[in-house]
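Enquirer: Encoded as structure tokens, here's the structure I'll be asking about.
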Amino acid sequence: MFYSRAALLTLLALIAFAGNSILCRIALAHTNIDAASFTTIRLLSGAVVLWVLVMLRNRNRHDSMKVRGQGNWLSALALFVYAAGFSLAYIQLNTGIGALILFGAVQTSMIAFGLWRGERFTTAQWLGLLLACSGLIGLLLPGLSAPPLTGAMLMITAGIAWGVYSLRGKGAGDPLQVTAGNFSRTVPMALLLSLLLLNRASLDSAGIYYALLSGALTSGVGYAIWYSALPLLKATTAATVQLSVPLLAALGGVVLLQEPVTLRLLLAALAILGGIALVVVVRRQT
């Protein structure tokens, strides 16, 4: 029963993470909503849902006011840069390619931080890092199937920002409450972005619907599910199962959006995900 609950929660969380890529791509490619409006609605709805979840969880706690962690502005800025770059990038990128670039940038930035802090790599880990970087470079090299450079750079920026946000979240306090606080702080930033890009603003009911789903369901509820699953998983398992997110996103793009699967994407995915898996697994074992 314990293992089946852990597996179910983990699967739901990973589907939610992949769903963010799919919903964003559908909204920006197949509705009239603009990227800034999508970002604002996503962050606002995510903040509302997360705070509702916090209040529901703490309702019967006598020490609810003592739960440590309310978020902070630097983490919120990193979260906002991720969300804005994510949306702007998906104007140009297919679902699978976008998720692969995002995931590669997140893990590479976090690994680089570990090296900067003095972590020592084994030969196998260095080979894994070299393989992952080669896959990312190969994906971005000019060619008929190369993704647009502007979109790729925006997604890399989003990935680095999410890596920074993840690193800043370590030991910050109660994960759900900290995330709710950070989401709330991103709302004025998102509103400012929408104001600056007001001349490009465009809304329709379908786009708003997908933005609300992305914020409330795949971001708000998805994060809550993931935090429920984490205590049930070993550290190695929690790190490696996330390798499936780009593949789930790519599968969703193929099935729902009829996006093509190229040989370049397959080879790059194998190199990036395999290389990162090698680094993560060996690091956890040592």
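Values in this text are rule-based calculations from the coordinates and carry no lab data. From a predicted model like this one, the values you see are computed outputs, not experimental measurements. Neighbour counts are summed over all protein chains in view; Cβ atoms, including those assigned to glycine, are modelled from backbone coordinates with ideal geometry.
Enquirer: Relative contact order for the chain using alpha-carbon pairs under 8 Å, separation at least 6, rounded to a whole percent? It would help to have the intermediate numbers written out before the result.
Expert: Numbers: 415 pairs, mean separation 121.0, N = 286.
Worked out over the chain, it gives 42 percent.
Enquirer: Turning to a different aspect of this structure: Using the membrane-span-like helix rule (whole DSSP H runs, Cα extent along the own axis of at least 27 Å, mean Kyte-Doolittle hydropathy at least 0.5), which helices of the chain qualify? Can you show the working numbers first?
Expert: Numbers: long enough: 2-30 (41 Å, 1.42); 35-58 (34 Å, 1.40); 95-116 (31 Å, 1.54); 149-168 (28 Å, 1.18); 175-196 (32 Å, 0.97); 263-285 (33 Å, 1.82).
Counting only whole DSSP H runs, the qualifying helices are 2-30, 35-58, 95-116, 149-168, 175-196, 263-285.
Enquirer: Taking the mean number of other Cβ atoms within 10 Å as a proxy for protection, how do you rank 153-165, 109-121 from highest to lowest?
Expert: By packing density, highest mean first, the sequence is 153-165, 109-121.
Enquirer: By its C-alpha gyration tensor, with a ≥ b ≥ c as the square roots of the eigenvalues, how is the chain shaped: rounded for a/c under 1.5, else prolate for a/b larger than b/c, else oblate?
Expert: Values: a/c = 1.57, a/b = 1.07, b/c = 1.47.
Because a/c hits 1.5 or more and a/b fails to exceed b/c, the chain counts as oblate.
Enquirer: What is the distance in Å between the Cα centres of the range 84-154 and the range 4-41?
Expert: Cα centroid to Cα centroid, the span is 20 Å.
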